[in-house]
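A short reminder: the numbers here are calculations on the coordinates, not readings from a lab. Since the structure is predicted, the reported quantities are computational estimates derived from the model, not experimental observations. Here the Cβ positions follow ideal geometry from the backbone for every residue, glycine too, while neighbour counts run over all protein chains shown.
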Amino acid sequence: MQRLLDGYRRFKTETWPAERARYEALAKWGQRPDTLIVACSDSRVDPQTVFGAVPGELFVVRNVAALVPAYQPDAGYHGTSAALEFGVRVLRVRQIVVLGHGQCGGVQAMLGGAPADAQDFVRPRVSMAMPVLRDIPAEGADRLLRAEAAVVRLSLNNLMTFPWIQAAVETGSLEVQGFQFDIHTGELLRLEKDGFAPIS
């Protein structure tokens, strides 16, 4: 806890003075981010850092493996879906980014099973992606990368099951893209038809 408090003190004495006007404007006028990002909860992949964004620029929802569920309005608790609805229908973001990453523990749990101590919620969550992983070969050096691409593609496809996302995409007011961040190299890749392609 002390490390967090020390970090706050550095923020207050070093960052806040330089960014005070930005925060005051955000407090007065509210947030108007252009981009909603669905990212993994992994502590090594911070969307604001990866995209060099400033406060107020990104509306971020994080979960295990950056999974977007299919549209299912019911009485259940749908944190990701609620964030999508707020971002698209209230904030009117202009783009949605699904940000996967290399060495994703969530995708590894899909391929090899959830950890023994994570069966209550992690196991059922990662099972959401099992249908798309059936076509991934059981062996091969690129198995994990292919699975990570399949999971990003699944999230992109599931986004289009939300009627108000599909309608916004069709009218051109919303763009949807998938990316992958390579932790080891710092490289950002865009999901294309045949897999990930580096951003130059």
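What is the gain in length, in nm to one decimal, between A53 and A82 on full extension, counting 0.36 nm per residue of separation less the C-alpha to C-alpha distance?
Gain in length upon complete extension: 8.1 nm.
Compute the label zone of T171 within the stretch 1-43: residues whose backbone N is under 19 Å from the point 7 Å along Cα-to-Cβ.
Inside the label zone: 33-36.
Excluding L189 itself, what net charge comes from residues whose Cβ is under 14 Å from its Cβ, given Lys and Arg +1 and Asp and Glu -1?
Numbers: positive: R146, R153, R190, K193; negative: D142, E148, D182, E187, E192, D194.
That sum, taken over residues with Cβ under 14 Å, equals -2.
Amide H neighbours of E187 under 5 Å, at least 5 residues apart or on other chains, H built in the peptide plane: list them.
Result for E187 returns D182.
Through the Karplus equation 6.51 cos²θ - 1.76 cosθ + 1.60, θ set to phi - 60°, convert the phi angles of the stretch 122-128 into ³J(HN,Hα) values in whole Hz; use x for Gly and Pro.
Whole-Hz 3J(HN,Hα) from phi for the stretch 122-128: 5, 4, x, 5, 5, 5, 4.
Under the Karplus relation 6.51 cos²θ - 1.76 cosθ + 1.60, θ = phi - 60°, what is the ordered set of whole-Hz ³J(HN,Hα) values for the stretch 62-69, x standing for Gly and Pro?
10, 7, 5, 6, 6, 7, 9, x
Using only the alpha carbon atoms of the stretch 97-194, find the Kirkwood hydrodynamic radius as the inverse mean reciprocal pair distance, in angstroms to one decimal.
Numbers: mean 1/r = 0.0685 Å⁻¹.
Computed over the stretch 97-194, the radius equals 14.6 Å.
How large is Rg over Rh for the stretch 31-198, taking Rg from the Cα atoms and Rh as the Kirkwood inverse mean of 1/r across Cα pairs?
Numbers: Rg = 15.4 Å, Rh = 16.3 Å.
Here Rg/Rh amounts to 0.95.
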